[in-house]
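Read the structure below first, then the notes.
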Amino acid sequence: MKMQGKGERGQSLILLALLLPVVLGFVALTLDVGFALVERRNLQNATDAAALAAAQDLANGESDATVTATAIDYLQRNGYNVSDDTIVVNVPPASG
């Protein structure tokens with residue numbers, strides 16, 4: 001086995017010091033992307049539930065205001081505050 005010279009001691013410490021921020025950066029990026037994807041999925045599920053509830057109200061002949069209120073209610077039940085957002089209900093025309 002070859003003996004290490006004086007100039008070769010501590011090389012792994014330098015590599016660790018240089019690579020540790022890169023590895024930690026990738027870990028942080030992975031966590032951020034994961035949390036963003038989970039939040040996107042949760043928001044999509046809440047939006048789907050609100051749309052289905054609003055469509056059911058619309059099929060039952062409710063007014064646009066009631067349909068909008070139902071959609072907002074379902075979003076709030078799923079933990080999303082929509083007080084500052086604009087909710088638009090697009091009702092297709094009866095003909096054509």
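Using the Cβ atoms and a cut-off under 13 Å, what net charge is assigned to the surroundings of ALA65, where Lys and Arg are +1 and Asp and Glu are -1? Don't skip to the answer; put the middle values down first.
Values: positive: none; negative: ASP57, GLU62, ASP64, ASP73.
Here the charged neighbours net out to -4.
Can you sort TYR74, TYR80 so the residue with the fewest Cβ neighbours within 10 Å comes first? Write down the numbers at each step before the final one.
On the way: TYR74 20, TYR80 15.
By the 10 Å Cβ count, ascending: TYR80, TYR74.
Going by C-beta contacts inside 10 Å, put ASP57, ASP32 in order with the fewest on the left. Don't jump to the answer; show the numbers that get you there.
Details: ASP57 19, ASP32 10.
Placing the least packed residue first, the sequence is ASP32, ASP57.
Computed from the coordinates by the stated procedures, all read-outs in this text should not be read as laboratory data. Small disclaimer: the values here were computed from a predicted structure and weren't measured. As a convention, Cβ positions derive from the backbone with ideal geometry for all residues, glycine included, and neighbour counts pool all protein chains shown.
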